[in-house]
Amino acid sequence: KLYQNPSQLTKTRYDYIVIGGGAAGSVVASRLSENPWVSVLLVEAGISNEGVLGSIVPLLGPSLTPNTIYDWNYTTTAQPGYNGRSIPYSRGKLLGGSTSVNFMVYMRGSSEDFDKYASITGDSGWNWKNMQQYAKKNEKLVAPADNHNTAGQFIPSFHGNSGPLSVSLPGFPTPLDDRIMATTKELSSEFPFNPDAVGGDVLGVGWSFATIGGGSRSSAATAYLTPVMSRPNLDIVINAQATKLVRTGMVGGLPSFHAVEVAEKAGAPTRTLTASSEIVLSAGTFGTPLLLQLSGIGDRADLRAAGVATIVHNPSVGRNMSDHALLANPFYVNNTDTFDTIFRTPEALNANLERWQTSKTGPLAGGVCNHIGFFRIPKTASIFKMTADPAAGKKSSHYEMIFSNLWVVPGVPAPSTGNFMSITTNLISPTSRGMVKIASSNAFAKPIVDPNFLGTAFDVFTLVEAVKAIKRFVAAKAWKGYVLGPYGALANANTDAEIEQYVRGNAATVFHATGTASMSPRGAKWGVVDPDLKVKGVEGLRIVDGSVIPSSPNAHTQGPIYLFGERGADLIKRDSKVQTVTETL
Ligand SMILES: Cc1cc2nc3c(=O)[nH]c(=O)nc-3n(C[C@H](O)[C@H](O)[C@H](O)COP(=O)(O)OP(=O)(O)OC[C@H]3O[C@@H](n4cnc5c(N)ncnc54)[C@H](O)[C@@H]3O)c2cc1C
């Protein structure tokens, strides 16, 4: 049952309370409530996703962020690596979390990423081979919106066919498609074709998958919550922000946390809700460490500065943030068939919306890109004289390219004339680490968000190399007569020094932060959760969301986080005392 705010809840004690209804939290709440003997409450700070048009019509997705009611609207601190610029940092604030506002690109990461997580934690359960069962459990590959023949665009055995989350190949063709494929042939040694990166081997350029089914967005909310809303043992409360975890005693010599305070908004009365079994934190890479800190779990100095008494001193809380820095590179093209025209006049947008409403087809039914590619800088690159290769392995990438048939520059509106292609370059194996921390003991105050973008020479070097690579890409014969030239500052960025200034002056984020409550081996002095995702040094708390992933994956992060959600739910079920009762019954 869905409750509109905390005051409507008719009970205050559950077996499990899951905090945050995003990618991972929706999976956990849905999977735990499969057992009818288990009572589950999902607490979400934001509103419902129902009826939010931008969260349904795929190509309208980018309109949901930033500076909207669907976004937490964070802002970073001044970033030295970005010439002192602060940038907006979006996080979804509605059911489905960031999966309700994201750009829907679906991947899983490289096989080496997961093998690395297994080796970091000492738990082989996180390795690629074992995690594939969860990928299959999560995904349902469906036909693209335009029902085109997809032969040769993917490898069927890599995909799931019966999971809740709809995933599809591009649903609307673009003038870039044939040219990109021709470039993979012409420049095959640098930009080879990858038949399907979802299989764990990410290098090369391939067709891109999106979390879209039947021409509409498939989010954690539509896939995992809507279908189970009527379960009598699952309550979902929206407009309910967890403000503090409450210490309820000592268990096994550790402080235990079996209760949480929630409030509808600043100044509203709080309600205390209790979990007999466990509280699962799924508030995301920002929300989860912030809630720990508000509750006295974090670095003593950080907590003292914010006026919070320390219960557990753990300097790893909120640290170790890794993110994919993004640089959008627009090019003028000689074609009026780009998606820019859809958004230029209300008439064009309405005509396309009408098409979408009648048939769930057309450009609005497709994602933001039809192709993506992942690449390595050469092993002979000078940077490797001073930095060890940070990629998870030889089959993992250093940077990414995303090809879009329109102007894509986060935070910068499209020019009123001209047609564009954007090649977005993302830094995939960053060595910089940032952090998030509370600025005060008020749960509704803005936190300090410092991703430390381009904080290392490796990260700068790699994005500079990525810009040089896109110039080589568009120099292929396939683009002759199509690409008219780079837009704006890119046009004047030719030497390495000029490109570095262009990168520092224009880079932003693709919103893939992870790692602020990292997994670490059992007993390790660093890290926030053990390999079973239990919070170290306390009893009663688990974390299942992007914050536990130790380092950036070779993927847009929703895919890996869904997998973490599925395995996290399994680990909780495995330990469940309520479950044991069910089995004996
Ligand atoms: C604009 C944007 C575009 C993106 N594009 C892509 C993409 O194309 N492909 C991709 O794979 N990934 C993309 N991502 C990233 C991806 O969506 C996230 O990595 C993923 O959703 C994170 O999952 P999560 O479960 O950790 O957190 P989230 O999905 O963010 O969920 C956290 C939830 O917790 C809630 N919450 C937070 N604090 C509290 C609290 N104190 N009390 C109650 N509730 C709370 C939030 O409101 C939210 O609903 C994008 C993200 C953004 C913001």
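Assorted remarks:
- Relative contact order [Cα under 8 Å, 6+ residues apart], segment 474-585, whole percent: 17 percent
- Our summary gives segment 231-375 a relative contact order of 12 percent, counting only alpha carbon pairs under 8 angstrom and 6 or more residues apart.
- For segment 88-131, the direction-averaged projected area of the alpha-carbon convex hull comes to 4.6 nm².
- Here is how the number arises for the chain: DSSP H runs of 4 or more residues each give -39500 (n - 2.57), the sum is divided by the residue count, and the result at 222 nm is -7000 deg cm²/dmol.
- For segment 551-578 and segment 205-246, distance of Cα centres in Å: 15 Å
- The trypsin sites (Lys or Arg not before Pro) of segment 234-280 that DSSP puts in a loop, and whose beta carbon has at most 13 other beta carbons within 10 Å, are LYS265.
- Length-normalised contact order for the chain - Cα pairs under 8 Å, 6+ apart - percent: 22 percent
- When you filter the trypsin sites (Lys or Arg not before Pro) in segment 352-453 for DSSP loop state and at most 13 other Cβ atoms inside 10 Å of their Cβ, you are left with LYS379, LYS394.
- Net +/- balance of residues flanking ASP178 in space, Cβ distance below 15 Å, scoring K and R +1, D and E -1: +1
- Lysine-lysine proximity count for segment 22-164, Cα under 23 Å, sequence distance 8 or more or distinct chains: 5
- Computed from the alpha carbon atoms alone, the convex hull of segment 51-131 holds 158 Å³ per residue.
- Distance cut-off 31 Å, percentage of C-alpha pairs in the chain lying past it: 46 percent
- The simple spin-label model puts a point 7 Å past each Cα toward its Cβ; for ALA489 and VAL578 those points are separated by 5.2 nm.
- Segments 324-332, 62-70 sorted - mean Cβ within 10 Å per residue, highest first: 324-332, 62-70
- Of the trypsin sites (Lys or Arg not before Pro) found in segment 1-71, those that fall in a DSSP loop while having at most 11 other beta-carbon atoms within 10 Å are LYS11.
- Kirkwood hydrodynamic radius of segment 26-173, Cα pairs, Å: 18.4 Å
- Cα-centred dipole magnitude for segment 217-277, charges only on beta-carbon of K, R (+1) and D, E (-1), debye, nearest 20: 80 debye
- Other residues lying with their Cβ under 12 Å from the Cβ of THR514 contribute a combined charge of -2, Lys and Arg counting +1, Asp and Glu -1.
No value in this document is a laboratory result; all are computed from the given coordinates. Computed from a predicted model, the values in this text were never measured in an experiment. All Cβ positions, glycine included, derive from the backbone under ideal geometry; neighbour counts span all protein chains shown.
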